[in-house]
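In what follows, a single structure is set out as structure tokens and then discussed.
The values are calculated or read from the model by the stated rules, or taken from the named source; none is laboratory data. Small disclaimer: the values here were computed from a predicted structure and weren't measured. Here Cβ is always computed from backbone atoms with ideal geometry, including for glycine, and neighbour counts include all displayed protein chains. SASA here: full protein model, heavy atoms, side chains in, ligands and nucleic acids out. Shrake-Rupley method; radii C 1.70, N 1.55, O 1.52, S 1.80 Å.
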Amino acid sequence: MKCTLAFLAGIAIAVSAAAADDTVDKVKIDDVKTPPSPAFVLLGIAPSAVERPTTPRAVGVSLLSSLQDSGSSALPKNFALEVAPYWLVSHPDLTRKTYTEPGFVRSLRQTFSVSIATAEQKADATTGAVAGTLGGIGVRTAYLAGKRSTIEEQITTAIENAIAPVGDQPPQPNTPPPPIISGDSQTTKLLKGLRDIEHEGRWFIEAAAGTTALFESNDSSKSKHQKSGVWLTPSYRLRRSTFNGAELKTAPKVDFVGVARWLSDHTTAEASHPFDLGARVIWNHGDFALSAEHLRRRRSKTNGQRTAAIGELKVSDDLFFTATFGKDFRTAGRGDLIAILGLHFGVGKKPLLTK
Amino acid sequence: MADPRKIEKDYPVNGGPGPILLSIVIGDGQIGASKVFLGNTRIAKGAIQHLPIGVPDQLRGQTLGIRTNVLDANPQTNHTSVTFIVTGGAVVEHDTLTFDAPHDGDVIPYEAIFTFV
């Protein structure tokens, strides 16, 4: 087998938008992971203003205002809404223990969210695009398996002690309760620690599905299927942190992530239905992360696989240095060796490391 | 207008199975801690579950005071809620107070006063 090798080295500045790019030579594990908002990803948009109502009334107001903004069209233009129905109302019976150890069905209910978006498509003679409105809807849910760790219970207890009412004075009749406390440093630190370790030692399985359609000439009766997708992302983080009663000591994080995605794309002349399956292991310590990933694509004309090792260093809050080596999808006209050094600014693709 | 974070009520102690018990449920997946007072004396703190307050004859005329702080620790919602449950008297008192934290990570103080009659 004749292999063509290419060596790419240089400085790349990534400023691409967070749209889904399914070109086989560009697809990476992060593109295949379950997205927070499937509708936005399938539409290939990164809306700057997303309505996230938290009460039933706010949902009604969002929908009503979107219809008013649509003008003469029956469909709202450039509208983005994401809503988690379970959290629209208060749940006084939902204790912390039940919330953090929800079981299968409750976990699905607690994490279920719906994303809806529309985007205006302008006519383009070069691509054959017709004028109209793109509409998408997606759903997402997740299952957090297992029980809380001892360390999570210890931090919860530390928080309970930190927030306990001060002093030994009983409440006085006909006087208002004390004011709300914001930004207490000790509580904030403990809460951050709690959120950092809440998935340690537990399987977290995210799933999503979505579909989009084009409404030609903004006519709701003329819809044409564009894209559909289904995602499944199981992940597991090794339990490595310790807590001494006051401070959380975090060891380097080790995550295992599996990905599966099926897409049905009718936006091209010939419809495609690729299925991607992959896995990644990530070691992350402070500002430095190493990962190895493997991704396979099947049910496509461009079946293939990608195996890569990636190093990432956070230089500053908005600047990341990355190095990627491995073997990419084989595409016509270029080799499959990956050897890329890059500088990524705080826009575009999300780095492994967080700000 | 009554403060949504405070409740003041009478609780009839006679005519029930006794003794009088108190439970406090912190809802919405949030984290909370309480201090419980009988008169001016603190009788418990922390998580409160079926806390014995006393027998009806001894409690009549006394006041049960509760101070509960709830941390908005749940990233999925800013709803916070506390349910005070008093049992053993003529009725099961089940009072829920709810309040939305203005910011993620805020601590919301709640208070309850039950006068035993």
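When the surface is traced with a 1.4 Å probe over the full set of protein chains, A:S182 keeps roughly 70 Å² accessible. Take each residue in B:101-108, count the other chain C-beta atoms within 10 Å of its C-beta, and the mean is 5. Between B and A, roughly 3600 Å² of accessible area is buried in total, ligands, DNA and RNA not counted and the probe set to 1.4 Å. Straight Cα distances below 15 angstrom link A:K33 to the aspartates and glutamates A:D21, A:D22, A:E206, A:D255, A:D276, A:E293, with same-chain residues fewer than 8 positions distant left out.
Peptide B:20-28 has a mean of 3 when you count, residue by residue, the C-beta atoms of other protein chains within 10 Å of its C-beta. Computed extension gain for A:A46 through A:D196, at 0.36 nm per residue and net of the alpha carbon distance, reaches 51.4 nm. Between A:R298 and A:A269, the modelled labels are 2.9 nm apart [label points 7 Å from Cα along Cα→Cβ]. Across the protein chains, with a 1.4 Å probe defining accessible surface, the residues A:K249, B:K9, B:K35 rank A:K249, B:K9, B:K35 from largest area downward.
Here is the link list: A:K28/A:K222; A:K192/A:K249; A:K253/A:K327. Which ones come out longer than 23 Å on Cα distance? Listed pairs above 23 Å: A:K28/A:K222; A:K253/A:K327.
Counting Cβ atoms of other protein chains within 10 Å of each residue's Cβ and taking the mean over peptide A:172-178 gives 6. Measuring with a 1.4 angstrom probe and ignoring ligands and nucleic acids, A:H294 comes out at about 60 Å² accessible. In region A:126-164, burial by the other protein chains removes 50 Å² or more of 1.4 Å probe accessible surface, compared with the chain on its own, from A:E160, A:I163.
Accessible area of A:S235 (1.4 Å probe, protein heavy atoms only, ligands and nucleic acids ignored): about 20 Å². A simple spin-label model places the labels of A:H285 and A:L313 1.4 nm from each other, with each point 7 Å out along Cα-to-Cβ. Calculated mean residue ellipticity, 222 nm, chain A: -5000 deg cm²/dmol, from DSSP H runs (n ≥ 4) at -39500 (n - 2.57) each, averaged per residue and rounded to 500. Within the accessible area of region B:6-116, the carbon and sulfur atoms contribute 51%, probe 1.4 Å, all protein chains present. Accessible surface area normalised per residue over region A:248-303 is 53 Å², counting heavy atoms of protein chains with a 1.4 Å rolling probe.
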